[in-house]
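So the structure is just underneath, and the comments pick up after that.
The values are calculated or read from the model by the stated rules, or taken from the named source; none is laboratory data. Just so we're clear, the structure is a prediction, and the values are computed from it rather than from any experiment. Cβ placement follows ideal geometry from the backbone for every residue including glycine, while neighbour counts extend to all protein chains displayed.
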Amino acid sequence: MTLPSRQALVPFVSVENMMRLVLHVGIEQMMVELTHAIEADFRRWPAFDKTPRVASHSDIGVIELMPTSDGQHYGFKYVNGHPGNMRQGLQAVTAFGVLADVATGYPLLLSEMTILTALRTAATSAMAAKWLAPRDARVMAMIGNGAQAEFQALAMKTVCGIEEVRLYDIDPAATRKCAANLAGRGLRVVSCDTAEQAVLGAQIITTCTADKQYATILTDNLVGGGVHINAVGGDCPGKTELHRDILLRAGIFVEYPPQTRIEGEIQALDPDHPVTELWQVIAGEAPGRTDAGQVTLFDSFGFAIEDFSALRHILKRLEGTEFFLELDMIADPDDPRDLFGMIIRSEGQ
């Protein structure tokens, strides 16, 4: 049997190999590296193709494609969001992604992205907090203790110096799970009975809940001055977490306004409400936090450039390791015009 050529083989990172790679590098070190990779690409934001993600919504969830390119590489992610899956013992979010060479169109990497999305989302949150949170922030409230919570807490610890995380979820079992997973990882972990108790004394407040509905996880009276809010859960039309009054008095920072105005927290505001694009802060083109008493809000929904950064970093990190398989994905006939002949010649091999 004729073996596939090198041109036909594409590195594939399975869930097992992604876990092996992350443990090999170290979870916190991987957070730092992804934060740096994403920040580097935010600095060159104008170089990228940008488009709102292509979404197929249903009453129970959403399936999306998230593409982008910098002219040298092209990347996309397939991702779903189905909050009801958890009641069936399934993940609410699953994903995979592809990185390709623009010059040839050939794929360079196929990877699981359920784990990688959790890592890059937390890294993006920490990157935003690095630029927007109070400089002396040491206490974080984590409201919503599901699959993303531990990643968020560790990224804030590693990148921003958070020392204490205060946990709250409407499901006490989720809080117990999160507290157990964070035990021994260098954080003081405080389990709370209410959102009000969780935000007490916190300089960074992260909301990350799953229900696909307009919700008020934080009311205006819970948020004092000098706080940075990292709003992760509001990520599709009809799904928010913050009371509108919080938005009206906050300095709001976003990834890509055309998408955030449809899917983020600011869908609750007028279409012309002023916001600042986070890349402009990182590139030195716009101010971030302007005073110690300001409330800043990163209206995070996840953008394709962050996935692109993560895929490129993983491809680089695979060099010299065995944490991938090679898939025979590209037909490679001796004569590029003779694809049919390639099939015929394979008969009987």
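Here is how the numbers come out for the structure above:
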{"item": "Count of residues meeting criterion [surrounded by fewer than 22 Cβ atoms within 10 Å (Cβ to Cβ) and either over 18 Å from the mean Cα position of the chain (by Cα) or more than 17 Å from residue 302 (Cβ to Cβ) (or both)] in region 224-236", "result": "3"}
{"item": "Count of residues meeting criterion [within 18 Å of residue 100 (Cβ to Cβ) and either surrounded by 15 or more Cβ atoms within 10 Å (Cβ to Cβ) or in contact with a Gly (Cβ under 8 Å, 6 or more places away or on another chain) (or both)] in region 54-75", "result": "8"}
{"item": "Members of region 291-338 that are part of a loop (DSSP other than H, G, I, E, B) and under 26 Å from the mean Cα position of the chain (by Cα)", "result": "294, 295, 300, 301, 302, 303, 318, 319, 321, 322, 323, 324"}
{"item": "Test result for residue 154, more than 24 Å from residue 189 (Cβ to Cβ), in a helix (DSSP H, G or I), modelled with pLDDT of 95 or more and out of contact with any Ser or Thr (no Cβ under 9 Å at 6 or more places or on another chain)", "result": "no"}
{"item": "Selection from region 281-300 of residues that are surrounded by fewer than 24 Cβ atoms within 10 Å (Cβ to Cβ) and touching a residue at least 12 places away in the same chain (Cβ under 8 Å)", "result": "281, 282, 283, 288, 289, 290, 292, 293, 294, 295"}
{"item": "Test for residue 136: is it among the acidic types (Asp, Glu), modelled with pLDDT of 95 or more and not assigned by TED's automatic domain parsing to the domain that holds residue 82", "result": "no"}
{"item": "Scope region 61-91; condition out of contact with any Phe, Trp or Tyr (no Cβ under 8 Å at 6 or more places or on another chain) and basic (Lys, Arg); matching residues", "result": "87"}
{"item": "Hits in region 128-149 (condition: buried (at least 24 other Cβ atoms within 10 Å of the Cβ) and part of a helix (DSSP H, G or I))", "result": "128, 129, 149"}
{"item": "Unique match (being surrounded by 23 or more Cβ atoms within 10 Å (Cβ to Cβ) and among the small types (Gly, Ala, Ser)) among 174, 155, 180", "result": "155"}
{"item": "Any hit, region 1-21, residues being of a type outside the set (Val, Ile, Thr) and under 15 Å from the mean Cα position of the chain (by Cα)", "result": "no"}
{"item": "Residue list for region 301-348, filter: of a type in the set (D, E, K, R), touching a residue at least 60 places away in the same chain (Cβ under 8 Å) and within 14 Å of residue 109 (Cα to Cα)", "result": "307, 312, 317, 326, 328"}
{"item": "Odd one out for residue 221 among (1) assigned to a loop (DSSP other than H, G, I, E, B); (2) at pLDDT below 95; (3) loosely packed, with under 14 Cβ neighbours inside 10 Å", "result": "(1)"}
{"item": "Output for region 254-290, where each listed residue is assigned to a loop (DSSP other than H, G, I, E, B), touching a strand residue (DSSP E or B) at 6+ places or on another chain (Cβ under 8 Å) and among the hydrophobic types (A, V, I, L, M, F, W, C)", "result": "275, 286"}
{"item": "Residues located in region 281-327, provided they are touching a Pro at 6+ places or on another chain (Cβ under 7 Å) and of a type in the set (Phe, Trp, Tyr)", "result": "324"}
{"item": "Scan of region 89-124 for residues that are in contact with a strand residue (DSSP E or B) (Cβ under 9 Å, 6 or more places away or on another chain), in a helix (DSSP H, G or I) and among the hydroxyl-bearing types (Ser, Thr, Tyr), ordered by number", "result": "114, 117, 124"}
{"item": "Candidate set: region 76-108, residues that are among the small types (Gly, Ala, Ser) and farther than 30 Å from residue 145 by Cα; chosen: the one surrounded by the most Cβ atoms within 10 Å (Cβ to Cβ)", "result": "100"}
